Amino acid sequence: MRTKTLLVSLSAALALMACSKNEPAAPSASAPAAEQGPLVLKLGHSAPLTGPQAHIGKDTEYGAQMAVDDVNAANIQINGRTLTVELMGEDDQADPKQGTIVAQKFVDAHVNAVIGHMNSGTTLPASVTYANNNLPQVSASATNPEYTKRGYKTAFRVMTNDEAQGKVLGEFAAGTLAAKDIAVIDDKTQYGEGIAIEFKKAAEAKGAKIVASEHTDDKAVDFAAILTKIKATKPDVIFFGGMDPQAAPMSLQMKKLGIKAVLLMGDGGCTADFLKNAGASAEGQYCSKPGVPTEQMPGGPAFIEKYKAKYNAPIQLYAPYAYDAVMVVVEAVKRAGSTDSAAILAELPKTQYKGVTTDIAFDEKGDIKDAAVTLYLAKGGQWTQVETVGGKAASAAAALPAEASPTQAAPAAN
Amino acid sequence: MQAKHKQIAGIALIGVALAILPFLIGMSFGNAWIRMLDFALLYIMLALGLNIVVGFAGLLDLGYIAFYAVGAYIYALLASPHFGLHWPLWAILPIGAVVAGIFGALLGAPTLRLRGDYLAIVTLGFGEIIRIFLNNLNAPVNITNGPKGIAGIDPLAKSIDIFGYQLHSLYLIYYLFVALALLIVVVTLRLENSRLGRAWVAIREDEIAAKACGINTRNVKLLAFALGASFGGVAGGLFSGFQQFVSPESFGLFESIMVLCMVVLGGMGNIPGVILGAVVLTVLPELFRHWAGPAQMALFGQTYIDPESLRLMLFGIALILVMRFRPMGLLPSSRRKAEFEHAAEEAGAKA
Amino acid sequence: MGKRHLRVPFFCVQPVTSDPVETFIQQLINGLTLGSIYALVALGYTMVYGILGLINFAHGEVVMIGALVALAVYKALAATLLPPALILLIGLAVAAATCMALGWSIERIAYRPLRNAPRLAPLITAIGVSIVLQQCAMLLWGRSYHSVPALLPAESHDILGARISDVQIIIMLAAALSMAGLIVLVQRSKLGRAMRATAEKPEVAALMGVDANKIIALTFIIGSALAALAGVLVSANYGIAHYQMGFLLGLKAFTAAVLGGIGNIGGAVLGGILLGIIEAMGAGYIGDLTGGVLGSHYQDIFCFMVLITVLVFRPSGLMGEKVSERA
């Protein structure tokens, strides 16, 4: 036994000696680049590119790629060198474990900053790796509040978080909808429970009463039991924190059980699939989405057109946000005059950028300041906008074409 | 004497190979693959633990991942800002092993009289119960932080400088995992040929006969559950510190099924087989993920089938084919193989 | 956006009469519906288990295929002027035929070659089949949830203020009739006698002139037809279908079959209905019973606890025979 341990440790040491000469290359990889030639900004982008959310992941990557192409076409000079952006797109399958592996890949590849990840579930564990390696991370779509709450200096996002959305929803229910008694259901996932908790707080603060708090899971289809229980409490509004595969049958079953309350949902239920699958029962239900509708974004209409021309597909969800996430990093590079991660990190908190989605500035945690939330009502088989809360830039900037912004690189001019 | 030398040389060779493996992989493919390797080692530990219950004692356990979860959460609770505790790894791992072992016995106790499929469904239920508790115990008192999971867990190791060279933490973690995996291999090897190991085989083959031979079937079964569970607990603790983030969604039924597939596919009851099963099922999908999309692009110019679903599809087909042509697994244990061939001959003779 | 006009609807809401009795009856109906669905699926598990001693893990996927095939038929016939009930029946017939062929193939490919293999081998192939079927369905029908048209009258009947729809009544009737039909088949018919003989001792049955392979194939075919029926009714009840709908349903049904005593036809239905009622009552009353400490999120834990308790006292389920210990 002892011989073996000895051998193992010996060989380990040997191997170390033999191989480690390659190691020191790691920390100073970007330094030896000569002072001439293009200034390369290497960005990592991670989203699920396979699996059930592949289409949304691809959409996010397209958005980022569009920004990269625009910057490269703009021929931006920094200290006499042309800025060239490279995008390294990776697939994390929306799997937390895979997310950490991708994060490691980015660190290995010495990217200067990371755009993503798409899902909160992957963003959270990956952010640990980025924080440990001082790698700036800008997520375009992770909405979990936890992401920016852990005090990492590397974590930023250009998307409204669930906390802000839940708060707006709660105030909407108690205020605009004038609901007195509210029942809350969540699907016991990070997203669903998170948004439901914020909803409750905000609704109660506005004087509404939470008459029932029920839970289901993200695979259930039968909600008859909890709805029956809720029916007995006679709520004015039922809030559901969860996704449309549950929301649609829930809406159907509410009607079947003769529940007259309105169903209110976050962005998880704010989809075309909900309308399709809930059929006639969808009519009159409410939902919310972070941000403003793409058409009303400052650079929205131009972006929609450009995206369509380039990829011959409609925007799914997050493409404009991913575009802005890249641009925010590029702006930081321009201000810093360097693509060094540390330099980008120092500049990101000072961001003042008029983006496609809105005016972007970060608060001390790395969340977007004055985040907007838009509320919708299902009417005639369509989600129609009811009101937009927050995001004062939305209306003001709508008048300004995106190109007019002085800080924005020329590319938006097509 | 000669044989002994050969044995030592063999062990030394394996030792050297294991020691340089991460460098070879790290140099040629990057650190992400070392991460992959670390995960493979974790699954080896898990599969070896489950092998005690399923392979040795013949008790079908569909909720094994629960013990992994218990170990992971114990590490997460004792070494993270969640409760503000930061205990050292060496204090937590034994606690994780013991607590998971107790949970194993807890699961074992009510199932002693159950057989086969009844046992399967109860273990499955047990696994779900643990997962749901982890998901729910954030209110009224916040213990597990619920679906949000616990983040910011203390890392297992930090990168260190040796002689001026930086050794990445992944390498250190690799050595830690190899050491513990080897420990578990040695323990299971010793168990297999011990009195207890033979008692498990006796129970697996014929419980009544085993009882008649004076084996205390109750204690022996409980020991199988507890020991298997404690290995899972250790692996869970390591997972937690490695990933630095745990949430209940990592411990679903599909994970239990995956580990079971590793054990059965590799060769139930045979330690090298189980190790092979774990490595094959962790590494192959990964390789596949890398090549499936690009290969389709190269061959047809576009991606016809989403690589993820192609991967799952091939996984399913592989399960069917391996069981069809090697029902004892890729590397069956010699004892089981002999039994099976004997039984098959008998069946053949009858027909 | 004016806020005024949005306030209106809530003042119009009539207080609906809802007392504890009505709620209780409604929960009972919810539980019976869910339970009948479990029972229908559990019957398929129990048939196969009874004869082969094998958990056909892929049974839930057969249910899913049934639902999606029927849906494809509805869509194809939607433009025709056939009465909805007829479209439903045609859909059911096509689904049943597809599932029967599928069940027969699954048995041939994945189970028959393994009949002498160790016990766990067919369990692994079953998982393999389950994964393959799911992925095939995903490729054929896509990942999104499909809305299933309401072909049956959506009328609700009032029972002391509680509501029950026609679909729910049909589901309960289907479960009861299937059970009765299967019991008659197994206990009274010649085929049933051959099945029982094969289940008891295949070698002896073969000596008596029973073609065991044929009997086992037939069992799979009957079980798969039931799966198709379950698939059609489940999708009609919830109004949606999806390529992953089968797995969890199969698992719950399997639990139900074990609870009732797997291999026993009456037991499958009893187990299914009990499980359904436990779930509904659990979700409905756990919170009140525990003073709000536990809520509806403990519903599944509650179910499994009941299952474990039952099995501790009756290791072969509620109606299962005491199995002699077989090596």
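The values are calculated or read from the model by the stated rules, or taken from the named source; none is laboratory data. All values reported here derive from a predicted model rather than from experimental measurement. Note that we place each Cβ from the backbone using ideal geometry, even for glycine, and neighbour counts take in every protein chain shown.
Computed quantities for the displayed model
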| read-out | value |
| --- | --- |
| Within the stretch C:166-176, considering residues that are without any contact (Cβ under 8 Å) to a residue 60 or more places away in the chain and surrounded by 14 or more Cβ atoms within 10 Å (Cβ to Cβ), the one farthest from the other protein chains (Cβ to nearest Cβ) | C:169 |
| Single unsatisfied condition, residue C:228 versus (1) more than 14 Å from residue C:41 (Cα to Cα); (2) at pLDDT 95 or above | (1) |
| Residue check, residue C:246 within 10 Å of another protein chain (Cβ to nearest Cβ) and under 30 Å from residue C:147 (Cβ atoms) | no |
| Candidate set from the stretch A:91-116 (those that are touching a residue at least 40 places away in the same chain (Cβ under 8 Å) and of a type in the set (Val, Ile, Thr)); member that is farthest from the other protein chains (Cβ to nearest Cβ) | A:115 |
| Pair list, Cβ under 6 Å, 6 or more apart: the stretch B:9-25 residue within 17 Å of residue B:38 (Cβ to Cβ), other residue in a helix (DSSP H, G or I) and not aliphatic (A, V, I, L, M) | B:19/A:11; B:22/B:171; B:22/B:174; B:23/A:19; B:25/B:33 |
| Test for residue C:65: is it at pLDDT 95 or above and surrounded by fewer than 18 Cβ atoms within 10 Å (Cβ to Cβ) | no |
| Hits in the stretch A:272-289 (condition: of a type outside the set (A, V, I, L, M) and at the interface with chain C (Cβ under 10 Å from one of its Cβ atoms)) | A:273, A:274, A:276, A:277, A:279, A:281, A:284, A:286 |
| So residue C:214, is it assigned to a helix (DSSP H, G or I), within 12 Å of another protein chain (Cβ to nearest Cβ) and of a type in the set (Lys, Arg) | no |
| Count - residues of the stretch B:166-186 that are surrounded by fewer than 21 Cβ atoms within 10 Å (Cβ to Cβ), within 13 Å of chain A (Cβ to nearest Cβ) and under 17 Å from the mean Cα position of the chain (by Cα) | 6 |
| Residue in the stretch B:213-235 that is surrounded by 21 or more Cβ atoms within 10 Å (Cβ to Cβ), touching a residue at least 24 places away in the same chain (Cβ under 8 Å), part of a loop (DSSP other than H, G, I, E, B) and not aliphatic (A, V, I, L, M) present | no |
| Any hit, the stretch C:57-69, residues being assigned to a loop (DSSP other than H, G, I, E, B) and farther than 30 Å from residue B:261 by Cβ | no |
| Filtered residues of the stretch A:297-312 (kept if in contact (Cβ under 8 Å) with a residue 40 or more places away in the chain, more than 10 Å from residue A:357 (Cβ to Cβ) and among the small types (Gly, Ala, Ser)) | A:302 |
| Residue within the stretch A:182-197 that is touching a Lys or Arg at 6+ places or on another chain (Cβ under 7 Å) and facing chain C (nearest Cβ under 10 Å) present | no |
| Identity of the residue in the stretch C:273-302, of a type in the set (S, T, N, Q) and either under 17 Å from residue A:223 (Cβ atoms) or crowded, with 21+ Cβ neighbours inside 10 Å (or both), that ends up nearest to the other protein chains (Cβ to nearest Cβ) | C:296 |
| Pairs, first of a type outside the set (Lys, Arg) in the stretch B:88-111, second surrounded by fewer than 17 Cβ atoms within 10 Å (Cβ to Cβ), C-beta under 7 Å, six or more apart | B:110/C:312 |
| Filter result for residue A:59 (within 23 Å of residue B:243 (Cα to Cα) and not polar (S, T, N, Q)) | no |
| Those strands (runs of 3 or more DSSP E) lying entirely in the stretch A:75-148 with at least 1 residues over 17 Å from residue A:159 (Cα atoms), acidic (Asp, Glu) and touching a Leu at 6+ places or on another chain (Cβ under 7 Å) | A:81-91 |
| Residue A:225 being small (Gly, Ala, Ser) and under 31 Å from the mean Cα position of the chain (by Cα) | no |
| Residue that is surrounded by the fewest Cβ atoms within 10 Å (Cβ to Cβ), among those in the stretch B:236-253 that are of a type in the set (A, V, I, L, M) and within 12 Å of another protein chain (Cβ to nearest Cβ) | B:253 |
| Some residue of the stretch C:108-119 being buried (at least 18 other Cβ atoms within 10 Å of the Cβ), on the phi < 0 side of the Ramachandran plot and among the β-branched types (Val, Ile, Thr) | no |
| Exclusive hit being under 22 Å from residue A:386 (Cα atoms) and surrounded by 24 or more Cβ atoms within 10 Å (Cβ to Cβ), set A:195, A:226, A:185 | A:195 |
| Residues within the stretch A:214-237 that are at the interface with chain C (Cβ under 7 Å from one of its Cβ atoms), part of a strand (DSSP E or B) and not acidic (Asp, Glu), tallied | 1 |
| Unmet criterion (only one of (1) farther than 21 Å from residue A:98 by Cβ; (2) part of a helix (DSSP H, G or I); (3) within 14 Å of chain A (Cβ to nearest Cβ)) for residue B:275 | (3) |
| Residue match in the stretch A:71-80 (condition: crowded, with 21+ Cβ neighbours inside 10 Å and in contact (Cβ under 8 Å) with a residue 12 or more places away in the chain) | yes |
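This table checks each residue for (1) within 12 Å of chain B (Cβ to nearest Cβ); (2) over 30 Å from residue A:189 (Cα atoms); (3) under 16 Å from the mean Cα position of the chain (by Cα); (4) not in a helix (DSSP H, G or I).
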{"position": "C:227", "(1), (2), (3), (4)": "no, yes, yes, no"}
{"position": "C:233", "(1), (2), (3), (4)": "no, no, yes, no"}
{"position": "C:236", "(1), (2), (3), (4)": "no, no, yes, no"}
{"position": "C:271", "(1), (2), (3), (4)": "yes, no, yes, no"}
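Quick grid of which residues meet (1) under 20 Å from the mean Cα position of the chain (by Cα); (2) within 30 Å of residue C:22 (Cβ to Cβ); (3) not in a strand (DSSP E or B):
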{"residue": "C:129", "(1), (2), (3)": "yes, no, yes"}
{"residue": "C:135", "(1), (2), (3)": "no, no, yes"}
{"residue": "C:139", "(1), (2), (3)": "no, no, yes"}
{"residue": "C:143", "(1), (2), (3)": "no, no, yes"}
{"residue": "C:153", "(1), (2), (3)": "no, yes, yes"}
{"residue": "C:158", "(1), (2), (3)": "no, yes, no"}
{"residue": "C:163", "(1), (2), (3)": "no, yes, no"}
{"residue": "C:168", "(1), (2), (3)": "yes, yes, yes"}
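Residue by residue, here is whether (1) more than 14 Å from chain C (Cβ to nearest Cβ); (2) under 16 Å from residue A:302 (Cα atoms); (3) in contact with a helix residue (DSSP H, G or I) (Cβ under 7 Å, 6 or more places away or on another chain); (4) at pLDDT 90 or above holds:
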{"residue": "A:329", "(1), (2), (3), (4)": "yes, no, yes, yes"}
{"residue": "A:334", "(1), (2), (3), (4)": "yes, no, no, yes"}
{"residue": "A:342", "(1), (2), (3), (4)": "yes, no, no, yes"}
{"residue": "A:373", "(1), (2), (3), (4)": "no, no, yes, yes"}
{"residue": "A:392", "(1), (2), (3), (4)": "yes, no, no, no"}
{"residue": "A:400", "(1), (2), (3), (4)": "yes, yes, no, no"}
{"residue": "A:406", "(1), (2), (3), (4)": "yes, no, no, no"}
{"residue": "A:414", "(1), (2), (3), (4)": "yes, yes, yes, no"}
